[in-house]
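The values are calculated or read from the model by the stated rules, or taken from the named source; none is laboratory data. Computed from a predicted model, the values in this text were never measured in an experiment. So basically every Cβ, Gly included, is an ideal-geometry build from the backbone, and we count neighbours across all protein chains shown. Accessible surface areas use protein heavy atoms only, side chains included; no ligands, DNA or RNA. Shrake-Rupley method; radii C 1.70, N 1.55, O 1.52, S 1.80 Å.
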Amino acid sequence: MIVAGVMSGTSADGIDVALVRVMGRGFRTRFELLSHKAFPYPAPVRRAVLAAMDAKSAKVADLARLNFLLAELYSDAILSAQRSARLKCELVGCHGQTLYHQGDPQNFLGRKLAVTWQAGEGSLIAARVGVPVVSDFRPADMAAGGKGAPLVPFLDYVLFRHRRRGRIVQNIGGIGNLTAIPPRAKPEQVIAFDTGPGNMIIDALAGRLLNRRYDLDGKVAAKGEPIERVIHQVLASPFFWQKPPRTAGREQFGEDFVTWFQRRCGRADRYDVLATATALTARTIGTSVEMVMKRTKYRDFIVSGGGAKNLTLMRMIEEQLGPMKLKIQTTGNLGLPVDAKEAVAFALLAYQTWRRQPSNVPSATGARRPAILGKVSYV
Ligand SMILES: Nc1ncnc2c1ncn2[C@@H]1O[C@H](COP(=O)(O)OP(=O)(O)O)[C@@H](O)[C@H]1O
Ligand SMILES: [Mg+2]
């Protein structure tokens, strides 16, 4: 079956579409990536998405509109990807744009609730593309007691588990997250959690200090020196004390955090500020890897996500991991382009749902049981 996987992550950079041929079932699923394409959000859409994520200022009417607008953009992206590849999908798996995610139950009007919300109306995509759509993947895992994230470990386990080599798979999107798969691991031995900020702080500072969406290839950070004092202060914050599974988002590392971070950097120039933010991401990945290496020996460290293109970040990660003797590579070296991976994951997850198979990895999300994820919109 040809499935279109559609992802737009917390970076709010745009839409990734992967056209994937999927076969098999459960953890024995196999796939072939046929084509992938990225569609950056137009600047006003990006601004609207970022504004909507800022829960203090979002208007409900705008949220409703955004839900339908994003569905239009997702549909255009899928149709365009199909035209370029001269292919037609039979099913769509659309993650949607997370507007709010709180994976841990908190008190609200007398009930303890874990909540999440992804925008991008599945019914509209189904009507526009003409095939069934699976969307809203996270709530079913939360209803089973999980944090609703991360969901990509399903793909990581399907693709990267190995009989002899323990593998750590690190995605660097807006947020960084890792999946650790011990050698010969059963699914319940898979560990996954958010390492901390990925590109989110770097991007926000690039916007404020350089008037750019991101620090292209890490060139600005390459000219600066990280400020150790600031990194220490950030690492002392409560997020980094949490034991996995833990999840993060703009709620932790959004604009308020960036303002605080900038103030901590004092009068440092933009090179040093960008270098500090980049080193912070590398450091949080380093300490997270150290933590999982205490229990199991891993041999491979496999990076994906847009952050893999930030050369300064990759250099700093190599410095962090150097003493741990891991073989560092990107998913690109293993046949899966770094910016296609998450879109592929949602194609695979949609396919499981279509076949009524569960696809959360309970040890990764903290769910009490396997769950069939998502909601199906029929044509
Ligand atoms: N050439 C590049 N140099 C530096 N950073 C890059 C480059 N290409 C992409 N990125 C970073 O990757 C981010 C997008 O990564 P992505 O994996 O799509 O994240 P998300 O899943 O959060 O949308 C961009 O916002 C940017 O920070
Ligand atoms: Mg993205």
Within the stretch 61-81, can one find any residue that is within 16 Å of ligand 1 (Cβ to nearest atom), surrounded by fewer than 19 Cβ atoms within 10 Å (Cβ to Cβ) and farther than 15 Å from Val133 by Cβ?
no
Among strands (runs of 3 or more DSSP E) entirely within the stretch 67-183, at least 3 residues that are within 30 Å of Gly286 (Cα to Cα) and free of Cβ contacts under 8 Å to residues at least 12 places away in the same chain occur in none
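At least 2 residues that are open to solvent by less than 10 Å² (accessible area, probe 1.4 Å) and free of Cβ contacts under 8 Å to residues at least 60 places away in the same chain in each: list the helices (runs of 4 or more DSSP H) lying fully within the stretch 216-316 that qualify.
Working: elements: 219-222, 228-235, 250-253, 255-265, 270-293.
It comes to 228-235, 255-265, 270-293.
Criterion first (more than 16 Å from ligand 1 (Cβ to nearest atom), open to solvent by 10 Å² or more (accessible area, probe 1.4 Å) and at pLDDT below 95) does Lys375 satisfy it? Write out each step before concluding.
Numbers: more than 16 Å from ligand 1 (Cβ to nearest atom): yes; open to solvent by 10 Å² or more (accessible area, probe 1.4 Å): yes; at pLDDT below 95: no.
So Lys375 does not fit the description; no.
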Checking Met23 against (1) at pLDDT 95 or above; (2) in contact with a helix residue (DSSP H, G or I) (Cβ under 8 Å, 6 or more places away or on another chain): exactly one of these is not met. Which one?
(2)
Could you grab me the full set of residues in the stretch 5-35 that are within 16 Å of ligand 2 (Cβ to nearest atom), crowded, with 24+ Cβ neighbours inside 10 Å and in a strand (DSSP E or B)?
Gly5, Val6, Met7, Ile15, Asp16, Val17, Ala18
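Would you pick out the residues in the stretch 160-178 that are more than 12 Å from ligand 1 (Cβ to nearest atom) and in contact with a Leu (Cβ under 7 Å, 6 or more places away or on another chain)?
Taking the stretch 160-178 and keeping what is more than 12 Å from ligand 1 (Cβ to nearest atom), we get 160-169, 178.
If the condition is that a residue be more than 12 Å from ligand 1 (Cβ to nearest atom) and in contact with a Leu (Cβ under 7 Å, 6 or more places away or on another chain), then Ile168, Val169 are the ones that fit.
Restricting to the stretch 51-66, name every residue that is without any contact (Cβ under 8 Å) to a residue 40 or more places away in the chain and aliphatic (A, V, I, L, M). So that I can check it myself, show each step before the final result.
Going residue by residue through the stretch 51-66, those that are without any contact (Cβ under 8 Å) to a residue 40 or more places away in the chain are 51, 56-57, 59-62, 64-65.
Answer for the stretch 51-66, where residues must be without any contact (Cβ under 8 Å) to a residue 40 or more places away in the chain and aliphatic (A, V, I, L, M): Ala51, Val60, Ala61, Ala64.
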Given the structure, is Asp203 touching a residue at least 40 places away in the same chain (Cβ under 8 Å), open to solvent by 10 Å² or more (accessible area, probe 1.4 Å) and within 16 Å of ligand 1 (Cβ to nearest atom)?
yes
